[in-house]
1. Two decimals is fine: what's Rg over Rh for chain A, C-alpha atoms, Kirkwood radius as Rh?
2. So which chymotrypsin sites (Phe, Trp or Tyr not before Pro) in the stretch A:493-576 pass both tests, a DSSP loop state and at most 14 other Cβ atoms within 10 Å of the Cβ?
3. When the Cα centres of the stretch A:685-699 and the stretch B:83-149 are compared, how far apart do they sit, in Å?
4. Per residue of the stretch A:350-357, in order, report the coupling 6.51 cos²θ - 1.76 cosθ + 1.60 (Karplus, θ = phi - 60°) as ³J(HN,Hα) in whole Hz, putting x for Gly and Pro.
5. What's the lysine pair count for chain A at a Cα cut-off below 19 Å, pairs eight or more apart or interchain?
6. Does anyone have the angle between helix A:302-318 and the longest principal axis of chain A? Alpha-carbon axes, 0 to 90°, nearest 10?
7. For the stretch A:327-408, taking Cα atoms only, what is the radius of gyration to one decimal and the Dmax to the nearest whole Å?
8. So for the stretch A:658-705, Kirkwood radius off the Cα pairs, Stokes-Einstein at 37 °C and 0.692 mPa s: how many µm² s⁻¹?
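The values are calculated or read from the model by the stated rules, or taken from the named source; none is laboratory data. Computed from a predicted model, the values in this text were never measured in an experiment. Here the Cβ positions follow ideal geometry from the backbone for every residue, glycine too, while neighbour counts run over all protein chains shown. These area figures cover heavy atoms from the full protein model, side chains too; ligands, DNA and RNA do not enter into them. Shrake-Rupley method; radii C 1.70, N 1.55, O 1.52, S 1.80 Å.
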Amino acid sequence: MTGLFASAGLALSWGASAVAAQERPTLSFYGVPGLVDMPSAQAVPDGDLSFTVGMFGNALRNSVSFQFAPRITGVFRYSRLGDANLGGYEDYYDRSFDFRFQLLNEGRVRPAVAVGLQDFGGTGLYSAEYLTATKTFGARFRGTLGLGWGRLGSFGGFSNPLSVIDDRFETRSDDSTLGGTLNAGDWFRGDAAVFGGLEWQATDKLSLAVEYSSDAYDLEEKQGVLTHRSPFNFGVNYRLRPGVDLGAYYLYGSEIGARLSFTLNPDKPPLPGGREGAPPPVYARPGASGPLGWSQDWVADPATRSTIRSDLRAALDALGMELVALRLNANTATVHLRNPLYDAEAQAIGRAARAMTRVMPASVETFVIVPVRNGVAMSSVTLRRSDLERFETALDGAGQSLARAEIADAAGLGFSAADLSKGVYPRFEYGLGPYISPSYFDPDSPVRADFGAQLSAALSPAPGLVFAGQLRQPIFGNLDQSDRASNSVLPHVRTDIVQYEKQSELELSYLTAEYFFRPGRNLYGRVTAGYLERMYGGLSGEILWKPVTGPLALGVEVNYVRKRDFDLGFGFQDYSVATGHASAYYEFADGYLARVDAGRYLAGDWGATFALDREFDNGFRVGAFFTLTDVPFSEFGEGSFDKGIHLTIPLSWLSGEPGKTAFDTTIRPITRDGGARLNVRNRLYETVRGSHLPDLEDRWGKFWR
Amino acid sequence: MTTMRFFALTLIALTQAACSGVGGLAGFSGKVLASDGPEIASPRSRIAAAEARNAPRMKIIIEDRNTEGDVVQIARRGTITTWLSPDNVSLTFDRGLLVGTRGMGRDLMSADVAQSASLIAARQTGPVTRAHGYLDGADDIVIHSFDCRIERRGPRRIDFNGTPRDTLLMAERCKGEAGSFMNFYWTSARGGEILQSRQWVSPEIGAILQKHLPDR
């Protein structure tokens, strides 16, 4: 027998993810819809995430653009201006954010119209605002006309038309600031200028563009890094494949340039439905139902009960899961299930339920499945066996089984020691592997990294109790070669990072005792003691209120921590602080997650963090946050306040294989000491929500997968 | 290597490093102390067990992929049978009509083939509708329906595992938003059961050929 089908899926389905990709607009050097250097008003498909690298002359722009909502675009850009000799740096690096709003979508007659704020909160190098309109003519031509301010009003500028509203629109300050603050006072002020251009879609893959730019590149000319000879730019865009664009350009009469853009849509993973192997089927009940129903004789037979238990354990093991405990009576089986494998909890539950149909005597009609994490029951899903039998092949079997499932709190579903599965406790797990630890945005070397080996181990002697630790040994890298000394006037709660890198060799990343528990209905608790994270050790406690079926959660976390020694061994420094937050989380039905954390931060500052994430059902997540505390912007230093963007890409999204690992990164333009939070592991909200609504039902389609 | 795969591998490499918590453990990992459970029920051992019971077998060919292999019936519940391949792909049939695949890539998650099944069993010509369910990228089931026509194509003598068998060929011509396809069912001239068939799975997988193998 040959291998049948499983592996072939990959090549076939990669292409299928890019349906309708031709409707994606071409992007500009700034990574937003545009011609060459000027923005157009073409709408971007909701959820599209683009990575753009563009370079011409001495300018390099790396942009990440995300269509946060159908009309809202957010952009983060990291750019380099070589040999610019600005601000004391030979090569000048700049981080900037854009915000773009789609005022109108293109109609039969009306053009698409968008308004944009470029570099609205950075140091102002690329600051500009624009109003732009784009209209498609026939099948192949697209025209764009726009009005720009700031940088985009610097060539051929005229007196600001908005000055009819107020005279103050006539002027724009050129102050360079600490960055980070909204320079709202300057928006749409100063001279305005007109830009525009034409795009010709020569073939499905090839388009040509010509534009008239309203950017004079004054600063670049002054620093001698670019000669502006002409406002006309010319470009060619070639779509290598759906989602990958390559552009070549001739700009400002003096420079040639190139751009590469990569776009994906989180709602369209490369392999929808996954490529994991087959689940077990729903098995027929053994024997026949007598006049008094199914036989219940087995209940009193210890040998049968013991066989059921070991068979179920083996069946779940084969599916990559673990039977924690089993309670069994004539009609009901309650399974406490540990699922280290499936990122869609509904899939774990669906597979466990089918494994139960194989093992359970015919009289067992009710299956109660309790997902367990860190030894704690997260929720209970009650299924009827006859529903499984009815809906296995039903067209909308997923919807029907969800409608009939009872999803509830598991607070009352305890188990005795006798119910506990053999060999679950004590549990000891370990792992040895490589790691990469990157660091971004050091002006001397924008990307630094260490590579090394890490050893992790965890011992869980009883439900809820975990002793865990991790050692890291860097093997090569350049994190310790940075010369950034902290200039912070606040306690150095995060800015001593370079000291840690320089003075540590073999590091103790964390070493903790954790206890997870259920204080009551809808309540979850955690206590963590030890070396909590790289820079802090101490005590951390958290209580979370989260109803299984509700979108709202509230939590309180209190920590008392001391700063660790720079060698990352067992020692401490003499900075200690009580820090903690009250948190509110709200999950909106359409995939937005809002979160507010208010409290005291590591430097002793008081304030609040606001975060908004766009979250896709498959676990892909893009969000942004900012923190305002009682530290004045001037004391905070560069950046003015803490802020950043957050990106989570589940590995399962990329590989199509189930798994709980994710590429999870937070990008801060700059890390300072104000608004800094403790990084304690296993915070409760993210632990709990996967087994609750709405997450559980959002992925219920995988119940039968 | 496709761009997406390159991107995926790059991110996987980064992930091993950048993510905290669950993800950090690349390389090897393991579990000790907790005693090992019984032998894991791999697809091969489940198939071996089914073969020991002399469970029915079929040959499956995936046309577009040019692959073929045998599957063994591992479960039967009423008219529903589920068949498993050694590489852990399963196929589920109801009265001989394909109603589900698992582990193929773009799987058929569910199907309503009741009208088709009745007409084929009655060997009648006539219009029917059928519907298929597929998983989308947000883990929702998306249902596509098809307008079909069942046709009686007449007697066909086929080579069935080395012996000629008289069959009646039934065809099903379908059209829908997700695609157009034709299914064929060679039903035994006497009993009417489906001896072999060609059935469409999804746009990405195409059609499979299925043929029952003799008992051992």
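1. Working: Rg = 29.0 Å, Rh = 28.5 Å.
Computed over Cα atoms, the ratio is 1.02.
2. Values: sites: A:Tyr500, A:Tyr510, A:Tyr515, A:Phe516, A:Phe517, A:Tyr524, A:Tyr531, A:Tyr536, A:Trp545, A:Tyr560, A:Phe566, A:Phe570, A:Phe572, A:Tyr575; in loops: A:Phe566, A:Phe570.
For chymotrypsin sites (Phe, Trp or Tyr not before Pro) across the stretch A:493-576 that sit outside H, G, I, E and B with at most 14 neighbouring Cβ atoms in 10 Å, the list reads A:Phe570.
3. The stretch A:685-699 and the stretch B:83-149 have Cα centres spaced 30 Å from each other.
4. x, 6, 4, 4, 5, 4, 5, 5
5. Working: A:Lys268/A:Lys660; A:Lys268/A:Lys702; A:Lys502/A:Lys563; A:Lys660/A:Lys702.
Number of lysine pairs found: 4.
6. Approximately 20 degrees, to the nearest ten.
7. Expressed in Å, the Cα Rg and Dmax of the stretch A:327-408 come to 12.2, 36.
8. Working: Rh = 14.2 Å.
It comes out at roughly 232 µm²/s.
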